[in-house]
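Novice: Quick one: this structure, given as structure tokens, is what I'll be asking you about.
The values are calculated or read from the model by the stated rules, or taken from the named source; none is laboratory data. Here the structure is a predicted model, which is why all the values come from computation and not from measurement. All Cβ positions, glycine included, derive from the backbone under ideal geometry; neighbour counts span all protein chains shown.
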Amino acid sequence: MTALVGLCLASCAHSITITPELDPALKAGNPSQALKVGYYIDPVLRETEVVTDGGGGDNAAYYPYRDLEFGLFSVLRAVFPSVARLESGDPALLGEGLDALISTTIHTTSSGGVMMWAPDSFGVVVTCRGIDRDGRQLFEVSGTGQAGASSSELMSDPGAAGRKAAARSLLDLRRQLDE
């Protein structure tokens, strides 16, 4: 029995969240782009749990699309005059008054030290691709964030490195979309 518990502890994934605190600069200012957009995140992606390297040989588990969706929406609202959450990723179904469909991909990386299970280094790349009703690409930009967290931070917030990297990626995405 002790061996079974030890095996589970050695190979289980610890749940964290990487939902970033939203920097006021993320939402500040007037929209810089004229397009009215709808964004779509496939429900399967929203519910996909990612298991990645933590520290001490353990893994961390989180839901990147669910954790970053509100931040993504906030960035889009800051850049575009109108943003709607869509139920379909088909650009032909864009509603009245919408000029583009934005699809998003999120890629994360992490690693940890030997003393703690939580990841102490994290990377997040958020890519947004805008297409019109005919499927023509209007833009594709990526926001990148890298961050680390100290042992003391990880003791109170095991997702600290992920939260910081997510916040940085969203700030970078905002800068990219504003150009």
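Novice: Read through the list (1) polar (S, T, N, Q); (2) within 21 Å of P31 (Cβ to Cβ); (3) in a strand (DSSP E or B), then give the number of the only condition that Q146 fails.
Specialist: Result: Q146 fails condition (2) only.
Novice: Here's a check for you: in segment 41-58, which residue that is surrounded by 19 or more Cβ atoms within 10 Å (Cβ to Cβ) and at pLDDT below 95 is nearest to the chain's Cα centre (by Cα)?
Specialist: Selected residue: T52.
Novice: Still on this structure: Just wondering, is there one or more residues in segment 90-100 that are in contact with a Phe, Trp or Tyr (Cβ under 8 Å, 6 or more places away or on another chain) and either at pLDDT 90 or above or not polar (S, T, N, Q) (or both)?
Specialist: Looking through segment 90-100, none of the residues is in contact with a Phe, Trp or Tyr (Cβ under 8 Å, 6 or more places away or on another chain) and either at pLDDT 90 or above or not polar (S, T, N, Q) (or both).
Novice: Would you say E87 is surrounded by fewer than 14 Cβ atoms within 10 Å (Cβ to Cβ) and either outside any helix (DSSP H, G or I) or not hydrophobic (A, V, I, L, M, F, W, C) (or both)?
Specialist: yes
Novice: For segment 90-114, name all the residues that are assigned to a strand (DSSP E or B) and of a type in the set (A, V, I, L, M).
Specialist: Across segment 90-114, the qualifying residues are A100, L101, I102, I106.
Novice: Considering only residues that are closer than 10 Å to G162 by Cβ and either in contact with a Lys or Arg (Cβ under 6 Å, 6 or more places away or on another chain) or not polar (S, T, N, Q) (or both), which ones fall in segment 51-67?
Specialist: Answer for segment 51-67, where residues must be closer than 10 Å to G162 by Cβ and either in contact with a Lys or Arg (Cβ under 6 Å, 6 or more places away or on another chain) or not polar (S, T, N, Q) (or both): A60, Y62, P64, D67.
Novice: I'd like to know if segment 114-136 contains one or more residues that are among the aliphatic types (A, V, I, L, M), over 20 Å from T19 (Cα atoms) and buried (at least 22 other Cβ atoms within 10 Å of the Cβ).
Specialist: no
Novice: Any idea how many residues of segment 22-37 are assigned to a helix (DSSP H, G or I) and of a type in the set (D, E)?
Specialist: 0
Novice: Which number in (1) surrounded by 19 or more Cβ atoms within 10 Å (Cβ to Cβ); (2) modelled with pLDDT of 95 or more marks the one condition that S103 misses?
Specialist: If we test S103 against (1) surrounded by 19 or more Cβ atoms within 10 Å (Cβ to Cβ); (2) modelled with pLDDT of 95 or more, just (1) comes out false.
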